[in-house]
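First up is the structure itself, then whatever we jot down about it.
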Amino acid sequence: AYMFQDCTALASAPVLPAKTLADYCYAYMFQDCTALASAPVLPATILKDDDYCYAYMFGGCTALTSAPALPATTLADSCYYSMFRGCTALVSAPALPATTLEYYCYLGMFRGCTALTSAPALPAITLKYYCYYFMFRDCTALVSPPALPATTLADSCYSNMFDGCTALTSAPALPATTSVYYCYLGMFRGCTALTSA
């Protein structure tokens, strides 16, 4: 955690071959490495109990244009928390194959990624508290949202998910028939181009 934080001349990352992670192991590792142009391979497929393992890992890496593959299908609480927050050059997002989410797992993951034009598929049908909170907040180039197939919601699951996405012109279908506390709170707040709901 924090190993290379603020190393503003660092242009490449070391190999990170670990497949078994631990709490906070890579948290903030490259935060604000503003010259980092490419990310290392992250091969772990099971993040169970590895809370915050990738939290803020590339936060503020403003030269990063592509994200590493994230093959994990078993997640952990807050595992991708703000992982790419403020990566203003990031143009594409990695696939997110997990169908069962955990608490805060995608919270703020792409917040402030102002070059991101499309979202990854989000196939999850089992949600958890705050799982998508602020996930795409202020992604001002995002023009279309992903499908959101879950029919059973969790408290605050979609709160502020697309807050400030000023290029978003359409909303996804929301098939759930029973709502829970704050599930849609601020979901499309400030989406000034949204013409249909």
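The values are calculated or read from the model by the stated rules, or taken from the named source; none is laboratory data. These figures come from a predicted structure and were not determined experimentally. Cβ placement follows ideal geometry from the backbone for every residue including glycine, while neighbour counts extend to all protein chains displayed. Accessible surface areas use protein heavy atoms only, side chains included; no ligands, DNA or RNA. Shrake-Rupley method; radii C 1.70, N 1.55, O 1.52, S 1.80 Å.
Right, residue 177: part of a loop (DSSP other than H, G, I, E, B), open to solvent by 70 Å² or more (accessible area, probe 1.4 Å) and touching a strand residue (DSSP E or B) at 6+ places or on another chain (Cβ under 8 Å) or not? Against the criterion (part of a loop (DSSP other than H, G, I, E, B), open to solvent by 70 Å² or more (accessible area, probe 1.4 Å) and touching a strand residue (DSSP E or B) at 6+ places or on another chain (Cβ under 8 Å)), residue 177 does not qualify. Set side by side, the residues 76, 72, 89 differ, and just one is open to solvent by 10 Å² or more (accessible area, probe 1.4 Å) and either modelled with pLDDT of 95 or more or of a type in the set (Ser, Thr, Tyr) (or both), which is 89. Apart from one condition, residue 197 fits all of (1) open to solvent by 60 Å² or more (accessible area, probe 1.4 Å); (2) within 22 Å of residue 108 (Cβ to Cβ); the exception is (2).
Answer yes if at least one residue in the range 143-164 is touching an Asp or Glu at 6+ places or on another chain (Cβ under 8 Å), in contact (Cβ under 8 Å) with a residue 12 or more places away in the chain and open to solvent by less than 50 Å² (accessible area, probe 1.4 Å), and no otherwise. Yes - at least one qualifying residue is present in the range 143-164. Residues of the range 94-132 that are under 20 Å from residue 27 (Cβ atoms) and of a type in the set (A, V, I, L, M): 96, 98, 101, 107, 109.
Filtered by the rule that a residue be in a loop (DSSP other than H, G, I, E, B), within 18 Å of residue 96 (Cβ to Cβ) and either open to solvent by 10 Å² or more (accessible area, probe 1.4 Å) or not aliphatic (A, V, I, L, M) (or both), the range 14-50 gives 21, 26, 39, 41, 43, 45, 48, 50. Output the residues belonging to the range 92-111 that are part of a loop (DSSP other than H, G, I, E, B), open to solvent by 10 Å² or more (accessible area, probe 1.4 Å) and among the hydroxyl-bearing types (Ser, Thr, Tyr). 92, 99, 103, 104 - these are the residues of the range 92-111 that are part of a loop (DSSP other than H, G, I, E, B), open to solvent by 10 Å² or more (accessible area, probe 1.4 Å) and among the hydroxyl-bearing types (Ser, Thr, Tyr).
Scanning the range 112-127 for residues that are open to solvent by 50 Å² or more (accessible area, probe 1.4 Å) and either assigned to a loop (DSSP other than H, G, I, E, B) or closer than 14 Å to residue 91 by Cα (or both) returns 114, 117, 118, 121, 123, 125.
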